[in-house]
1. To the nearest 20 debye, what charge dipole does the chain have about its Cα centre, counting +1 at the Cβ of each Lys and Arg and -1 at the Cβ of each Asp and Glu?
2. Taking a ≥ b ≥ c as the square roots of the Cα gyration tensor eigenvalues, with a/c under 1.5 meaning rounded and otherwise prolate when a/b beats b/c, else oblate, which class fits the range 212-309?
3. If you count only protein heavy atoms with a 1.4 Å probe, what accessible area per residue comes out for the chain, rounded to a whole Å²?
4. Say a paramagnetic label sat at a point 7 Å from the Cα of residue 298, along Cα to Cβ; which residues of the range 202-220 have their backbone N under 15 Å from it?
5. Between residue 187 and residues 5 or more places away or on another chain, which pairs have amide H atoms under 5 Å apart, with H built 1.01 Å from N, and which residues are they?
6. Roughly to the nearest percent, how much of the accessible area of the chain is carbon and sulfur, given a 1.4 Å probe?
7. Compute log10 of I(q)/I(0) for the chain with the Debye formula, placing one identical point scatterer on every Cα and leaving out solvent, at q = 0.06, 0.09, 0.11, 0.14 Å⁻¹, to two decimals.
8. Would you be so kind as to identify which of 173, 105, 278 lies farthest towards the positive end of the dipole of the chain, taking Lys and Arg as +1 and Asp and Glu as -1 on Cβ and the Cα centre as origin?
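The values are calculated or read from the model by the stated rules, or taken from the named source; none is laboratory data. Predicted model, so just to flag it, every value in this text is computed and none were measured. Neighbour counts are summed over all protein chains in view; Cβ atoms, including those assigned to glycine, are modelled from backbone coordinates with ideal geometry. Side chains included, ligands, DNA and RNA excluded: accessible areas come from the protein's heavy atoms. Shrake-Rupley method; radii C 1.70, N 1.55, O 1.52, S 1.80 Å.
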Amino acid sequence: MTTSTVSAPPSLPGVADSVLDLIGETPVVRLRRLAPEGGAQVLVKLEGSNPGGSAKDRPALSLVRHAEATGALPPGAPIVESTSGNTGIGLALVGRVTGHPVVIVHGGAMSPEKLALLRLYGAELVEADWTAGPEDPGNPRAVADRIALERGGWRSQQYDNPANPDAHYRYTGPEIWRQTGGAITHLVAGIGTGGTISGAGRFLREVSDGRVRVIGANPEGSAYGGGAVGPVRVEGVGTTWPSSHWPKNLDRSVPHEIRTIEDAVVFDTVARLAAEEAILVGPSSGLAVGVALQVAADLDPDAVVVAIAPDSATNYLGLLAR
Ligand code: PMP
């Protein structure tokens, strides 16, 4: 009797077995022209270098792997998520490689470039009302819950699932520590689900014995900053919901402070990063770098401020190239 086994081809040095192996280890670059004279140096971690184009590839992989391991996501079962974009793209990518169909519930506000990417990855798109409040059955989270129930799908629960901040605690934070040789003094990150700031921030506070200061970057209109609440124009960050409904993944004990800057400063920072530093990033990166530049202006030159740039300008060319 013969047995046939399907064996994987031998691995080759320097070759990834799938795009999942290309997630993380993103580069960090120093600002040469924008950093304030006499102030701290400002470094930018370019999460747009991930294969799906954003920081969200990290939690997407972590969430799916965790759900597969616990049995919450059986082989071939659909992944259902409500998202402003990048988590959907990350899940669509991870779903494609791991054999799960992906359903994305989105609000009308998503950039056409991100919608196009989701379609290219073969995700199913469902539109819901992003302005509907937490108790409204028409809000994207409620719609995603309903679809998951109907189709036996798994909800990644990126707002509440600890596998999201865990990806940043285990990888993003340690990478920054290693890449700066432990010299980082300040971390600046925008807040959407809170996964990045809570995970990377907690790691960096712990590893530095409390020396690293963690600063949340908040856009105009978002309630995270404690100011006036209104429309949020920076995609992927901020909330208009009351604090009783903020994500569990936002560990409010991690950021030392949260600073709000105006949209005009955010978009001006995006434009200057491209024109003066040749660094292409999206609006939420302009937010983090804009806050980092303000923080750096008040510090000595031996301080090292690291801003997280969650994605690249290529996700927003229609919006930015006006
Ligand atoms: N910027 C962009 C473009 C995003 O998609 C997200 C994720 N929603 C964030 C920033 C915020 O990251 P987090 O969810 O980890 O707080």
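1. Values: 26 positive and 34 negative charges, 70 e Å.
Charge dipole, the chain, about its Cα centre: 340 debye, nearest 20.
2. Values: a/c = 2.11, a/b = 1.31, b/c = 1.61.
Cα axes put the range 212-309 in the oblate bin.
3. 45 Å²
4. Of the residues in the range 202-220, 213-218 have backbone N under 15 Å from the label point off residue 298.
5. 213, 214, 215, 306
6. Result for the chain: 53 percent of the exposed heavy-atom area is carbon or sulfur.
7. Treating every Cα as an identical point scatterer, log10 I(q)/I(0) equals -0.20, -0.44, -0.66, -1.07.
8. It is 173.
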